[in-house]
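One structure is given here, and the rest of the page talks about it.
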Amino acid sequence: MLLPIDAQTAESRCFDFLRSSVLLMCTPHSLSHFSSTCSREVEENYIIIKRLSKGKFGEVKQVQQKRSKRQFALKQVNLNQDPCCDLKIQLLRRVQHRHIVRIHDVFWSAGVMDILLELCMDNMAAYIESHRGSEVYQTPAVMEVADSLAQLLRAVNFLHEKQVAHRNIQPCNVLLSSQKIWKLADFNFACEFDPSSPMSEKVGSRPYVAPEVAQREYTEKCDIYSMGVLFIALVRGGEYVRPSSLEDVKGKEAAQELLNETTWTQRLGYGALVLAKHMIALEDARCDSEEALNNPWLTQSLGAARGCCIIS
Ligand SMILES: Nc1ncnc2c1ncn2[C@@H]1O[C@H](COP(=O)(O)OP(=O)(O)OP(=O)(O)O)[C@@H](O)[C@H]1O
Ligand SMILES: [Mg+2]
C-alpha cells in the first residue's frame, strides 16, 4: 500500500543535499592510495589490457585470462586501507543475482586483494553523460526508464531480503553488462543489517545519500532514497547528476525544477513523479523496495513494454 508523502518536506530535504557538490562522506580508511602490485596468480595467468578506473579503494583494470582468452574486470584493493575487504567479498559472494555484478575469483598478495569480476561496459554515469541533451532526455522512453529502474529495484529488493544494505547506490556504481542489463556494483560500503537496530556509519555520496544518514540513525531504506535520486538522474540526465552545476545556475530554484510536474508529466507521466517523490520522502513515509516495484506506474510501464518488445 502506498503511504502518504510529505512531498514538500521531502523535496526540500533532498535538495538541501543536492545544493552541495558531490561529496563523499568516507570513513578514514577509504581515503587510500593504491598500490599497483598484482598477486602472483594474476601476473602469471592474466594480461592487463587497460585501466578502467582509479577510485578510492583501488584500481579497476580490464584483463584477459591467458588460457581461456576470457576477459574480466580486475578490481584491486589495498588491504591496509580497507581491512574489512574480505568481509565484503564474502558478502558479495552471498548476494549473487542477475542484477548484481558477478564475482569470479579472489586472489591475495602482500597487502593487496585482486577481485576478478565479470567485465561490464559503461557505468550509468557515463551512459547518462553520453545522452546529455540527446533525445533520450528530451523525451525519455518510458519503457527504458521504467525497465532500468525495475532492474535495479529487483537487485535492491533481493539485497534487503538478505538483510544487506548497499549504502552507496549512485550512477557510477551501476554498470551496464555485456548483455545490456544494469548491474549494481561497488560493495565497498555494503553491510549486513539487523532490522531491529538502526545503522549508524556515516557513508554515502551526495546527492544520492539519504538525509537521515547524516543523523547516524538509519535503516536499509537509505538505498531506496538513493534509488529515487538515481531515478531522477535517469529522467533529468546530466542536469541532476552534476549538482555543482546547479549552483552555477540558480541553486535551489533550479534543483526544485528537477521535480517540476509539467516536465515529468511531459516526459514520463504523473505516476512516475509520484513514485520519485515516494522514494525520496522522509524515511517514515518512504516506500520500501517491494512497494516501489508494485507501484502502478512502474508495473503498467513494464506491462506495456512486455507487449511490444523484449525487456529483462
Ligand atoms: N566489473 C566491471 N566492469 C567494468 N568496469 C568496472 C567494473 N567494476 C568497476 N568498473 C569501473 O570502475 C569504476 C570504479 O569501480 P568501483 O565503483 O567498484 O570502485 P571504487 O573503488 O568505488 O571507485 P570509485 O571511487 O571510482 O567509485 C566504476 O564506476 C566502473 O567505471
Ligand atoms: Mg564506486
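Descriptive notes on the structure:
- Fewest-first ordering of L87, L74 by other beta carbons within 10 Å of each residue's beta carbon gives L87, L74.
- Residue-span extension gain [S53 to E261] - 0.36 nm each, minus C-alpha spacing: 71.2 nm
- For the listed residue pairs K56/K202; K180/K221; K56/K180; K54/K75, the alpha carbons are over 18 angstrom apart in K180/K221; K56/K180.
- 17 Å Cα-Cα reach of K69 towards lysines, excluding residues that sit fewer than 8 places from it in its own chain: K50, K61
- Ranked R286, R40, R67, R102, criterion: other C-beta atoms within 10 Å, fewest first: R67, R40, R102, R286
- Label-point separation, A126 to E43 (7 Å along Cα→Cβ), nm: 2.8
- Computed label-point distance, nm, for sites A285 and K202 using a 7 Å Cα→Cβ extension: 2.6
- Alpha-carbon spread of the stretch 192-237, three principal axes, descending order, Å: 36, 17, 14
- Across the stretch 145-225, the relative contact order, built from alpha-carbon pairs under 8 Å that are at least six residues apart, equals 30 percent.
- Prolate/oblate/rounded call for the stretch 134-209, Cα gyration tensor, a/c under 1.5 rounded: prolate
- Sorted by Cβ neighbour density within 10 Å, fewest at the top, the residues I280, I89: I89, I280
Read-outs: derived from the displayed coordinates by stated rules, not from any lab. Bear in mind the structure is a predicted one, so any value in this text is a computation, not a measurement. Cβ: placed from backbone, ideal geometry, glycine included. Neighbour counts: every protein chain shown.
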